[in-house]
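J.: What follows is a structure written as structure tokens; I'll ask about it next.
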Amino acid sequence: MFKNFKEVIEKAASGEPKTIAVAAANDLNTLSTFAIAHKKGMAKGILVGNKETIEKIVKEHNIDLGDQQIIDCPDDKEAALKACSLVKEGTADVLMKGMVKTSIFLKAVLDKEHGLRSGKLLSHVFIFEDSINNQLTLLTDGGINIKPGLDEKAEIVKNSVNLFKKMGGDKAKVAALAAVEVVNEKMPETVDGAKLQEMAEAGELGDCHVQGPLALDNAISEEAVKIKKMSGNVVGKANILLAPDIASGNLLGKSLIYYGKAANAGTVVGTSAPVIFLSRADNEETKLNSIALCLAISD
């Protein structure tokens, strides 16, 4: 299991470079990050977007893209569909979100003709360097599913466990987060957490332990667990954090980025091929980490 993004980047750069189809590649941050990934030997690229803008940025900022292919698609919707189709037909191995709105990008990913449907629910996973437990910890879903019900949460857990396995993990420890660690009928996420634990114990959620409901401190801090005299397979050592809804997942993830300065990456799971899923505000480091992660698991 990868412990940090240094290991992820080393893995991504260790084999033959994979091909990334970038949807709406016409912004400085995306192009400069891709250039770094190319220089490290991780990736080749097919840059889909406004060719004039791409070439202007490359020239003005002296970015070395090598001999990467550029496909002129000034319209964001068309660029996203084209990038998806390149991955679907096998011309590219991985899809990357560039300077395009999330709604447009995800609509292309879900397109019946050109998209990357796999029959599974799509969910977002935020991966960050966890300094408390010296590991890469997964947080889901803070980017796609707004208010998932029990069935959707079960699929989100399965998706994240599958990603955890691809990252080299063994039996995942999933914490179903809530504000408290006891079931309260007025707090639906606590009820769902307990039911998900039962489903995991019955073998319905894959190779994982799920414990819930758990407050965040009980999920990640062994000291808090000792003080509260708690027990279980997950408490104090969770490596997957299941958020109750998109708001809590997004707030926790961005708190880790902006207040905690945690190194991080983002991806969409449940697709037929790896998807590098980024915010347009993400910095170069986050984009490089996300590229490396998706390339490392693309086999």
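The values are calculated or read from the model by the stated rules, or taken from the named source; none is laboratory data. All figures in this text were calculated on a predicted structure; none of them were measured in a lab. Ideal geometry is used to build each Cβ from the backbone, glycine not excepted, and the neighbour counts take in all protein chains shown.
J.: Which residue, of Leu86, Leu81, is buried (at least 17 other Cβ atoms within 10 Å of the Cβ), of a type outside the set (Val, Ile, Thr), in contact with a strand residue (DSSP E or B) (Cβ under 7 Å, 6 or more places away or on another chain) and closer than 17 Å to Thr271 by Cβ?
T.: It is Leu86.
J.: Additional query: Only residues that are closer than 20 Å to Ala12 by Cβ and either among the small types (Gly, Ala, Ser) or without any contact (Cβ under 8 Å) to a residue 12 or more places away in the chain (or both): list them for the range 37-66, please.
T.: Scanning the range 37-66 gives Ala37, Gly41, Ala43, Gly45, Gly66.
J.: Output the qualifying pairs, or none if there are none: Cβ atoms under 8 angstrom, residues six or more apart or on different chains, first residue in the range 1-22 and at negative phi, second residue among the acidic types (Asp, Glu) and assigned to a strand (DSSP E or B).
T.: Once the first residue is at negative phi and sits in the range 1-22, its partners that are among the acidic types (Asp, Glu) and assigned to a strand (DSSP E or B) give Asn4/Glu129; Phe5/Glu129.
J.: Kindly provide the set of residues from the range 251-272 that are out of contact with any helix residue (DSSP H, G or I) (no Cβ under 8 Å at 6 or more places or on another chain), within 12 Å of Phe128 (Cα to Cα) and of a type outside the set (A, V, I, L, M, F, W, C), ordered by number.
T.: Within the range 251-272, Gly253, Lys254, Ser255, Gly260, Lys261 meet the criteria.
J.: Continuing with this model, one more query. Of all residues in the range 146-168, which are more than 18 Å from His209 (Cβ to Cβ) and within 13 Å of the chain's Cα centre (by Cα)?
T.: Scanning the range 146-168 gives a single hit, Lys166.
J.: Here's another thing I want to ask about it. Take the residues of the range 240-280 that are of a type in the set (Lys, Arg) and over 23 Å from Ala178 (Cα atoms): which is modelled with the lowest pLDDT?
T.: Across the range 240-280, the extreme among qualifying residues is Arg280.
J.: Just to be sure I understand, how many residues within the range 202-236 are closer than 22 Å to Lys166 by Cα and either more than 25 Å from the chain's Cα centre (by Cα) or surrounded by fewer than 18 Cβ atoms within 10 Å (Cβ to Cβ) (or both)?
T.: 4
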